Amino acid sequence: ILYTNLFQEAIGPNRMLEALNAIESIGDKQIAYDILVSKYMNGGGVVLPSEEFMRSDPETFVRDTYKRFLIRQPTEAELKWFINYIESRPNLTPELVYFSFATSNEHFHY
């Protein structure tokens with residue numbers, strides 16, 4: 001699910017085996033998962049919206065991100081908080097938002 005969310009395509013069997021081996025080789029599964037997400041994000045090919053889109057239409061960006069990673073719409077409180085978060089942080093990038101969603105506890109359950 002993580003791979004599909006980030007790359008917008010199914011993971012191949014070889015890549016799946018590599019990911020499983022990497023996760024199993026580290027004792028702390030959450031740390032292993034975070035490292036895997038970081039590797040994917042830094043390896044290229046992740047399908048990200050542009051920063052311009054995130055800034056020009058933060059509501060759609062937030063709704064799309066929740067749907068993509070958490071398979072749900074944000075509550076009104078989540079939506080307002082996240083829009084404010086985006087608007088108040090000029091150094092925030094879509095990559096950082098995607099990393100935080102991909103490593104969140106809620107996404108980890110999928």
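The values are calculated or read from the model by the stated rules, or taken from the named source; none is laboratory data. These figures come from a predicted structure and were not determined experimentally. For neighbour counting, all protein chains shown are included, and Cβ atoms are generated from backbone atoms with ideal geometry for every residue, glycine included. These accessible areas exclude ligands, DNA and RNA; they are computed on the full protein's heavy atoms, side chains included. Shrake-Rupley method; radii C 1.70, N 1.55, O 1.52, S 1.80 Å.
What do you reckon, is residue 106 more than 16 Å from residue 4 (Cβ to Cβ) and either modelled with pLDDT under 95 or open to solvent by 60 Å² or more (accessible area, probe 1.4 Å) (or both)? Before you say what the answer is, go through the steps one by one.
Numbers: more than 16 Å from residue 4 (Cβ to Cβ): yes; either modelled with pLDDT under 95 or open to solvent by 60 Å² or more (accessible area, probe 1.4 Å) (or both): yes.
Spelling it out, residue 106 is indeed more than 16 Å from residue 4 (Cβ to Cβ) and either modelled with pLDDT under 95 or open to solvent by 60 Å² or more (accessible area, probe 1.4 Å) (or both).
Considering each residue of the stretch 12-38, count those that are open to solvent by less than 70 Å² (accessible area, probe 1.4 Å) and under 16 Å from the mean Cα position of the chain (by Cα), and give that number.
Keep residues of the stretch 12-38 that are open to solvent by less than 70 Å² (accessible area, probe 1.4 Å), which gives 12, 19, 22-23, 26, 30, 32-34, 36-38.
Next, only the ones that are under 16 Å from the mean Cα position of the chain (by Cα) stay: 30, 32-34, 36-38.
Number of matching residues: 7.
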Checked 53, 101 against criteria (within 16 Å of residue 6 (Cα to Cα) and surrounded by 13 or more Cβ atoms within 10 Å (Cβ to Cβ)); the one match is 101
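Tell me, which residue of the stretch 85-95 that is more than 23 Å from residue 23 (Cβ to Cβ) and not β-branched (Val, Ile, Thr) is surrounded by the most Cβ atoms within 10 Å (Cβ to Cβ)?
Let us first name the residues in the stretch 85-95 that are more than 23 Å from residue 23 (Cβ to Cβ), namely 85-94.
Checking which are not β-branched (Val, Ile, Thr) leaves us with 85, 87-92, 94.
Numbers: 85: 13, 87: 11, 88: 8, 89: 10, 90: 7, 91: 5, 92: 16, 94: 19.
Among those residues, the one meeting the criterion is 94.
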